[in-house]
Each structure stands twice: as C-alpha cells, then as structure tokens.
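Rule-based calculations on the coordinates, nothing more; no lab input. All of these numbers come straight from a predicted model, not from anything done at the bench. Cβ placement follows ideal geometry from the backbone for every residue including glycine, while neighbour counts extend to all protein chains displayed.
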Amino acid sequence: MIIVTGGAGFIGSNLIRALNERGISNILLVDNLENGRKMLNIADLNIADYMDKAEFLENITLPKFLNKVRAVFHQGACSATTEWNGQYVMQNNYEYSKRVLQACIAKNIAFIYASSASVYGNGEQGFRVERECEHPINMYAYSKFQFDQYVRSLLPETKSPIVGFRYFNVYGPREQHKGAMSSTPFHFNQQVIEHQQVRLFAGCDGFADGEQQRDFIHVDDVVAVNLWFLDHPEQRGIFNVGTGRAETFNSMAKAVIDWHKKGEIHYIPFPEHLKGAYQSYTQADISGLRAAGYDHEFLTVQQGVARYLDWLNRSSIASTR
C-alpha cells in the first residue's frame with residue numbers, strides 16, 4: 001500500500017492520478033475534508049481507502065497499522081504563506097510531519113515529503129540546499145525550514161529512505177480549491193475570461209513592472225520527480241524541485257494571453273502587506289537533483305501553461321471557484 005497525506009490537495013491528488021496511471025490503486029488517502037470542495041480533485045481517482053487526518057494520527061503508532069506500506073508521500077500541510085498563527089502552522093506542518101516521519105523510520109518505510117522553496121526567503125544568498133541560503137520570511141516558510149532541519153539531524157542516524165522536496169512555484173490541474181493561494185496562471189486565466197486583462201504587481205525590490213521572476217514548474221514535472229525517487233529508494237536527502245529557470249510574471253501573463261488570443265496586462269500597486277515578505281526572484285539550483293540521476297527535461301512556462309489551460313478550460317473548474 002501507498003499512503004498519500006494531503007491526498008485531496010493539489011500535489012497529492014496529482015500524485016494519486018499518476019499512481020493510478022501506473023495501475024496502482026492500493027492507496028490510503030489521508031486528508032481533512034472540512035473544505036468539501038476538494039472532493040472535485042479526487043472524484044475521478046481510484047483509492048483503497050480514505051482516512052481523516054485526525055484518525056490517521058491516532059492510528060499511526062499502532063503496531064500493525066503501517067504493515068505492508070511501501071511508501072508515504074507526505075503532502076499534507078497548511079500551505080498559506082499569509083497565515084501568521086504560528087502555533088497553528090507549527091502544529092500542522094512541523095509536529096504532524098515529525099510524527100509521520102518517526103512512524104516511517106520505525107518500519108523502514110520510504111518517507112517522501114513536501115518542503116518549500118520559501119525557506120530561501122528573498123534569495124539574497126542563492127537557492128542552494130545549504131544552511132547559509134536559508135532565511136525564511138514568513139511562518140509557513142519557517143515551519144518547512146525547521147522540519148528540514150529536523151530531517152537533517154536524523155539522516156546520518158538512519159538508513160531509511162527519506163527524501164524532501166523544496167517545491168518552487170508549482171501550477172497545474174487540481175489546485176482550484178486553494179482560492180487566493182492558487183497559482184498565477186489559474187488567476188490570470190480567470191481574469192482574462194472575466195475582464196480580458198491580467199493584473200500584475202507593479203515593480204518592487206528593484207524590478208520593473210511585472211519583471212519579478214519565479215521558477216515556475218508544472219505539477220506534472222513535480223509528480224515525475226516524486227515517482228522517480230519512489231523508484232530509486234537508494235537516493236536520500238533534500239532536493240530543490242524547480243526547472244532551474246527563472247521566468248518573469250510578464251512572460252507567464254503573456255503565455256495565458258497567447259492561449260486565449262485576447263487580453264492585455266494591467267499593473268496594480270504592490271500590496272503593503274506583502275512588502276518584506278515576498279519573493280521577487282527565485283531560481284532553483286537543481287544540481288543536486290541532477291547529481292542524484294534525475295535527467296528529465298522540465299516544461300517551459302509556454303509549454304506548461306498551454307497544457308494547463310487546455311485542461312482548465314475544457315473542465316468546469318475555470319468557472320466554479
């Protein structure tokens with residue numbers, strides 16, 4: 001059996017889809033479905049069982065609970081970068097992760113988890129998987145950073161397959177439930193449909209209007225990395241998962257406008273509440289990923305956005321937020 005926590009969420013549901021495409025349906029999906037709209041992500045998926053997150057945590061230390069489990073994809077977390085309730089974030093992202101990891105180590109089960117490129121803060125020291133580059137600037141980032149630190153302390157002590165992925169800016173199908181935290185192409189697509197324009201932040205941090213840059217990665221590429229490490233349990237550690245290319249928000253907006261063949265860019269003032277807590281530039285250093293043996297090419301923004309909007313606009317998702 002394979003367990004996917006956060007399995008009704010964005011990356012979790014795409015992982016289950018990909019496992020299904022491999023013919024794997026012996027999957028335990030763990031999530032908190034308080035937001036019932038997430039069921040849209042999993043209605044077309046095949047799983048063996050569903051379990052609420054609270055029940056999962058109650059059962060995880062039972063002697064036989066994890067018997068016959070091959071791997072845990074731990075994607076469950078509070079992913080809101082604007083959440084400043086530190087107690088809540090640490091409980092969901094740090095303590096929860098520690099408990100699942102310890103249970104996996106006890107049974108030598110592969111533990112493949114979601115970290116985040118947000119640990120690099122404003123990126124002044126670069127985006128290498130090294131302590132000197134890590135300067136989280138919001139509570140979400142700190143919770144991910146601190147769990148990475150916990151993992152680092154355990155890696156020399158255990159031979160269990162443990163892999164952490166620092167996701168950069170992921171976009172693609174099955175993210176609509178995230179609301180304001182959905183990706184820029186999701187919002188840009190909606191803006192073009194409703195207003196025939198894309199709204200971008202004006203310049204900040206020395207960047208011109210819309211020229212802030214991010215490493216945007218399609219969720220299909222993220223899933224491919226996850227499954228490659230499932231197939232290569234000899235590889236352990238923490239890795240950046242991005243394309244290794246920084247592309248501007250202008251280029252992302254242009255890709256959406258090109259797909260629709262209509263629309264224009266409109267710049268809006270940079271929000272006060274994001275000043276000092278916003279990444280104006282990210283670019284993954286993927287040398288670790290390549291050194292581990294992962295040699296697949298990543299989609300460009302133009303390719304990835306076209307694939308995403310083909311899916312988004314032929315489904316009912318684009319008009320049901």
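Observations on the structure shown:
- Loop-located GluC sites (Glu not before Pro) in region 51-95 (DSSP state other than H, G, I, E, B) with a sparse environment of at most 14 neighbouring Cβ atoms within 10 Å are absent.
- Counting only DSSP beta bridges whose two residues both lie in the chain, roughly 5 percent are antiparallel.
- Residue order, fewest to most surrounding Cβ atoms within 10 angstrom, among D215, D221: D221, D215
- Taking amide H as placed 1.01 Å from N in the peptide plane, the amide H of Y281 sits under 5 Å from that of Q213, each at least 5 places away or on another chain.
- Modelled label reach - N59, point 7 Å along Cα→Cβ, region 1-27 residues with backbone N closer than 16 Å: 1-8, 26-27
- For region 160-311, diffusion coefficient by Stokes-Einstein and Kirkwood Rh (Cα), 10 °C, 1.306 mPa s, µm²/s: 96 µm²/s
- Relative packing of peptides 240-247, 20-27 - highest average C-beta neighbours within 10 Å first: 240-247, 20-27
- Solvent-free Debye scattering, log10 I(q)/I(0), computed from the Cα coordinates of region 125-186 at q = 0.19, 0.30 Å⁻¹: -0.90, -1.27
- With R₀ set to 51 Å, the beta-carbon distance separating R152 from E194 gives a calculated FRET efficiency near 0.65.
- Pairs beyond 23 Å (Cα-Cα), from K38/K262; K68/K159; K178/K261; K53/K178: K38/K262; K178/K261
- Under-5 Å amide H pairs with Y167, H placed in peptide plane, nonlocal only: S115, S116, A117, V241
- The H on the amide N of E247, modeled in the peptide plane, is under 5 Å from the matching H of R214, D215, F216, each at least 5 residues off or on a different chain.
- The chain: calculated mean residue ellipticity at 222 nm from DSSP helix runs of at least 4, using -39500 (n - 2.57): -10500 deg cm²/dmol
- Couplings 3J(HN,Hα) for region 149-155, derived from phi with the Karplus relation 6.51 cos²θ - 1.76 cosθ + 1.60 (θ = phi - 60°), are 4, 4, 4, 4, 5, 9, 4 Hz, where x marks Gly and Pro.
- Listed values (1) 58, 43, 39; (2) 68, 51, 37; (3) 76, 50, 33, entry calculated as Cα extents along the principal axes in Å: (1)
- Among M252, M39, a tally of other beta-carbon atoms within 10 Å of each Cβ gives an order, fewest to most, of M39, M252.
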